[in-house]
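The values are calculated or read from the model by the stated rules, or taken from the named source; none is laboratory data. These figures come from a predicted structure and were not determined experimentally. All Cβ positions, even for glycine, are placed from backbone atoms using ideal geometry, and neighbour counts span all protein chains on display.
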Amino acid sequence: MTLEEFSTQFGIEMGTLRLWIEKRWVIAESGTLREIDVARARLVRDMQIDLGVNDEGVDIALHLIDQIHDLHRAMAELQQKLKL
């Protein structure tokens with residue numbers, strides 16, 4: 001999805017979206033968002049707009065979510081190794 005498409009579809013100003021990219025909350029490669037980054041951007045939008053979470057809270061929440069995903073990935077790898 002392009003940045004413009006995301007901005008239009010989810011009602012986020014381009015400046016705000018670019019700030020999220022600067023903060024590395026989402027990654028945009030060649031002006032497009034991968035599916036995972038669209039999901040992260042939607043999560044950030046929900047946290048900030050719907051829930052009123054400030055930037056520091058978003059940083060913490062995304063960091064914790066990333067840790068959970070890394071742990072899940074490591075557990076899946078360990079499970080595969082134990083099956084062999």
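Considering only segment 22-42, state which residues are among the aliphatic types (A, V, I, L, M) and touching a helix residue (DSSP H, G or I) at 6+ places or on another chain (Cβ under 8 Å).
The answer is Val26, Ile27, Ala28, Leu33, Val38, Ala41.
Take segment 36-75 and flag every residue that is of a type outside the set (Gly, Ala, Ser) and touching a residue at least 24 places away in the same chain (Cβ under 8 Å). Explain how you work it out, then say what you get.
Within segment 36-75, the first condition is being of a type outside the set (Gly, Ala, Ser), and the residues that meet it are 36-38, 40, 42-51, 53-56, 58-60, 62-73, 75.
Passing the criteria: Val38, Arg42, Val44, Arg45, Asp55, Val58, Asp59, Leu62.
Can you name the residue in segment 46-84 that is within 22 Å of Gly11 (Cβ to Cβ) and of a type in the set (D, E, K, R) and, of all such residues, is surrounded by the fewest Cβ atoms within 10 Å (Cβ to Cβ)?
Among residues in segment 46-84 that are within 22 Å of Gly11 (Cβ to Cβ) and of a type in the set (D, E, K, R), the one surrounded by the fewest Cβ atoms within 10 Å (Cβ to Cβ) is Asp50.
Can you say whether Asp70 is at pLDDT 95 or above and either within 13 Å of the chain's Cα centre (by Cα) or of a type in the set (Phe, Trp, Tyr) (or both), as far as the supplied structure shows?
Details: at pLDDT 95 or above: yes; either within 13 Å of the chain's Cα centre (by Cα) or of a type in the set (Phe, Trp, Tyr) (or both): no.
No, not satisfied.
Taking the condition modelled with pLDDT under 95, assigned to a helix (DSSP H, G or I) and not polar (S, T, N, Q), does Glu4 pass?
yes
Only one residue in Trp25, Trp20 is touching a Lys or Arg at 6+ places or on another chain (Cβ under 9 Å), within 21 Å of Glu4 (Cα to Cα) and part of a helix (DSSP H, G or I). Which one?
Going through Trp25, Trp20 in turn, the sole match is Trp20.
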